[in-house]
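The values are calculated or read from the model by the stated rules, or taken from the named source; none is laboratory data. Since the model is a prediction, treat every value here as computed from it, not as a measurement. With ideal geometry, Cβ positions are generated from the backbone for all residues, glycine too; neighbour counts draw on all protein chains shown.
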Amino acid sequence: MPVLIFFHGQALAHTIRPLVLARALRNRGYPVVLAGRGPHVVRVRQEGFEVHDVETLPQSRMDQYVERGDYGYYDVDWIDRCVAAERTIIQMVRPSLIVHDMKPTAHISARLEGVDDARITQAYNHPAYAHPLRLPAGFDPSAGPFDAYLETHAPRTRPQKSFFFLADVPQLHDVERPAPGYHFIGPLLDQPARPSHVDVLDNWSDEGPLVYLTCGSSGRDPDYLAELVEAVRDRPYRLLVTTANRWTPRPDRQLPTNVRVVPFLSGEWILQHASMLVGIVGVGAIYQALSQGKPIVGAPEHLDQEFHLNRVRDLGLGIKLDRADFCTDSILQAIDHVLLHESEFHERCAPFAAGLAPYAAGVAAVDLVDQHFLHRDDKYRFNAAFGISGEEFVRYLEATTPTQLSGAVIQKMLLRNLRRGLPHRWVGDSLVFDRVDSWNWLYENEPIFFEADYRALELKRHAFHRMDREKVVSRNRWQRYRLRYRLTLDPLGPGGKPAFKAGQRLKVFLPIPVDRPGHQRGVNILQTTPSALTEQVAHGLGFIYGAIVTIEDPSLPLTIGYDAEVNVRAIGDEQAVRRDELSGRERTHRLQVDESILHLPEVLKFRAELDRAPDDSDEATARAIYRALATTRRFGKTHDRTQSPKYCTSLVLRSERGHCTTLARTFATLCRAEGIPTREVHGALIGYPLDEKTYLHASRNEPLFGHTWVEIFLSEKGWVPVEFHGIVIGQQAMTGRNVRDRRLRRQIEANTEPYLDYYFGHLDHQRILCSPSVKRMHTLLLEHPEERETMRGPWRSAPELRYDNSLRVDCL
């Protein structure tokens, strides 16, 4: 099946970029069909591509709206017209992938048709873009009628996958962190053959610098040109203007001898000879200039130009003018300034010329298309951002699994499964796994791994619970524990390099148990390691807060921690956590929800299909939400770059997996949408049994105090716990491949309903509660004394540090 590309044929840049990609796809052997409308469609047809006409928002309408500062040029009527036309073509072509550029309705069409789509866009649309603009809501081109349209059609959306081609380089538009589905490919620039001869340059003295001015292919009329070309008559440079047939010199006025005007000319070729680029420039022209190491004088007319020219200005690659001031005087002043400081501008632009040279954006995009088709139906994927060396993965699994899974057993298990689909990569002679999906694969496909985990946790459950007429009942209401928490830092970091210097300091924020009325009490810190940490115990905050530890010998491991005692209560039918009434202020706080989440098609669809009656109580509604999630999702780790409520809700409702945080935040969001107040609670689970009274929860390079569940407020009961732990106990955890023991399978099936029922309204005391700030605090900050006087200061988070941490729990 072909790749279908929708393009905006009324703007040259948004025609060239899809065309460059179409060529690369065709060269790789993909059948390609394009659809667009506008004066530039002819360029696509000339290259032999099949091109369909498709309804397109007129450029004139866009220009009129932008001229008055309004980006609401799409209304519901125009969206409907474009979507109807696009869906007709999709149904006719039957593509396996849709690519689109400057066609925001194409993503809606792809979702309605259930076809995967890729959007050609810029890095400022990356969720972690480092230089966002603060825009009024009316300037957000992705909101408003698009949300309304998707909301109306949400029940008809079909499963599909989306990803993004970022036609940028991170040197110009950097991001704070990678995000799944967003790929830098470099600028999609045309590479026309260099002209052997250009008539317009005949008989033109080459004395003086050459300034290249482009009108662009769209936007407001370039009415500033008439005055400008006269004003440069006596200037010591030449001005070459390309008009795209949007401006013509007056026939009764002879152009100055140092000015030449042409409709079109290769920008790359001109900029090889020019000293700078001037104009209302788009991203294509900007990258053309930077590829030749030339500075830019530009003014923004569209929102995307604002982003690009901000970076040009901030990086010292040119001058940004206001569109209202883009007139003769300001243009000439800017040209004079660049020429006066030409060597400085060229010095800053030259690295971009070298940096852009290796990019072949079309090829990079097609490589991603290849990978998409190769792995589209993969349940497990290797994500390089979550890569972990084989040695580290063995240590991680050994720390986080029952004691019978020794390092030798784990290593043998991993090697045996390499050919069975376990996600991995070879980097030279080194084996690399995916911290998330390699674990998921083992949990869902390797009986040795899954059965060891389940049996160990079943032993723990049996110590704390008993079954009474197929109901889970706690053996005792309160349980007192003695805790021994230790965090040990490796002296070596990645690559075997020393992690610290002698005398370097750490600032420590260790979570400690907190007193919580009706749930946890009697917290007593018995001792700390080192003992000086005792002075920094802040019970009210729930942390050993800001303690300073000095690295005495950087070649040795460093251990910090504490011993404590605490009482934890199991919550049952007759007890809520607290029965207090909510104040109006707290109720408002506990009902806050990002409205944009409620417009997500997957949320609209879930709420529309929820099994409930109009007169259901809050408890019945919350239980319906809980069961709709808990009976259809299995436990699994996810490639999280964020854990915001919007991300969690979209991820859980569009997939079959979830973990404690994503499920809890999805549940909380959906409850708040129904007017049910919620709050998050955090803590650490007590881990695997070592004997009848002792349990150990250990990990490597991951915090222990991050387990998350939810409490809902019911007027008749108070705060009631809801925990998704049941999905790891019941039959949702089985896959048909991870359990061989029939007896264990029957046990899991028997556990399913009792535990699903138990964890709505009940909570075990196999956990230690901690501060709600634990998900936001860095456990360790590393000092950089040389930056003490800088604005950032000397204390930095240090994700590169490697550590083991453990929580030993003894029942008293």
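Miscellaneous remarks
- A single member of Ala167, Ala123 is of a type in the set (A, V, I, L, M), at pLDDT 80 or above, assigned by TED's automatic domain parsing to the domain that holds Arg87 and closer than 21 Å to Leu271 by Cβ, and it is Ala167.
- Only one of the listed residues (Thr735, Thr708) is in contact with a Cys (Cβ under 7 Å, 6 or more places away or on another chain) and in the same structural domain as Ile676 (by TED's automatic domain parsing). That residue is Thr708.
- Top-ranked residue of region 465-497 - restricted to ones that are among the hydroxyl-bearing types (Ser, Thr, Tyr) and within 39 Å of the chain's Cα centre (by Cα), ranked as surrounded by the fewest Cβ atoms within 10 Å (Cβ to Cβ): Thr488
Residue-by-condition table, conditions (1) outside any helix (DSSP H, G or I); (2) modelled with pLDDT of 95 or more:
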{"position": "Leu25", "(1), (2)": "no, yes"}
{"position": "Leu34", "(1), (2)": "yes, yes"}
{"position": "Trp78", "(1), (2)": "no, no"}
{"position": "Ile90", "(1), (2)": "no, yes"}
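- Any hit, region 30-45, residues being without any contact (Cβ under 8 Å) to a residue 24 or more places away in the chain and not assigned by TED's automatic domain parsing to the domain that holds Val283: yes
- In region 618-640, the qualifying residues are those that are among the charged types (D, E, K, R) and more than 21 Å from Phe713 (Cβ to Cβ), and the one that is surrounded by the most Cβ atoms within 10 Å (Cβ to Cβ) is Arg633.
- Within region 324-344, the set of residues being farther than 20 Å from Pro209 by Cβ, assigned to a helix (DSSP H, G or I) and not charged (D, E, K, R) comprises Ala324 only.
- In region 245-268, of all residues being of a type outside the set (D, E, K, R) and buried (at least 17 other Cβ atoms within 10 Å of the Cβ), the one that is farthest from Pro295 (Cα to Cα) corresponds to Trp247.
- Residues (surrounded by 16 or more Cβ atoms within 10 Å (Cβ to Cβ), over 28 Å from Ser644 (Cβ atoms) and among the polar types (S, T, N, Q)) located in region 758-798: Gln766
- For Ala123, the conditions (1) closer than 22 Å to Glu301 by Cα; (2) in contact (Cβ under 8 Å) with a residue 24 or more places away in the chain; (3) small (Gly, Ala, Ser); (4) surrounded by fewer than 22 Cβ atoms within 10 Å (Cβ to Cβ) are fulfilled apart from (4).
- Selected residue (criterion: nearest to the chain's Cα centre (by Cα)) from residues of region 220-243 that are free of Cβ contacts under 8 Å to residues at least 40 places away in the same chain and more than 30 Å from Tyr65 (Cβ to Cβ): Leu239
- Selection count where residues are in a loop (DSSP other than H, G, I, E, B) and not basic (Lys, Arg), scope region 781-805: 10
- Failed condition for Gly144, given (1) at positive phi; (2) modelled with pLDDT under 90; (3) over 25 Å from the mean Cα position of the chain (by Cα): (3)
- Per the conditions (1) of a type in the set (Phe, Trp, Tyr); (2) in a strand (DSSP E or B); (3) farther than 25 Å from Pro721 by Cβ, the sole criterion not satisfied by Tyr485 is (3).
Table: residues versus (1) part of a helix (DSSP H, G or I); (2) farther than 15 Å from Thr242 by Cα; (3) under 32 Å from the mean Cα position of the chain (by Cα); (4) not aromatic (Phe, Trp, Tyr).
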position: Leu271; (1), (2), (3), (4): yes, no, no, yes
position: Tyr287; (1), (2), (3), (4): yes, yes, yes, no
position: Glu301; (1), (2), (3), (4): no, yes, yes, yes
position: Arg311; (1), (2), (3), (4): yes, yes, yes, yes
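- The test for being part of a helix (DSSP H, G or I) and modelled with pLDDT under 95 does not hold for His778.
- Hey, Arg634 touching a residue at least 24 places away in the same chain (Cβ under 8 Å) and over 29 Å from Val809 (Cβ atoms) or not: no
- For Pro703: the one exception among (1) under 25 Å from the mean Cα position of the chain (by Cα); (2) surrounded by fewer than 22 Cβ atoms within 10 Å (Cβ to Cβ); (3) modelled with pLDDT of 95 or more: (3)
- Residues in region 655-693 that are in contact (Cβ under 8 Å) with a residue 60 or more places away in the chain and surrounded by fewer than 16 Cβ atoms within 10 Å (Cβ to Cβ): 6 in all.
- Residue in region 706-725 that is in contact with a Phe, Trp or Tyr (Cβ under 8 Å, 6 or more places away or on another chain) and among the polar types (S, T, N, Q) present: no
- Sole exception among (1) among the hydroxyl-bearing types (Ser, Thr, Tyr); (2) crowded, with 16+ Cβ neighbours inside 10 Å; (3) not in a helix (DSSP H, G or I) for Tyr755, by number: (3)
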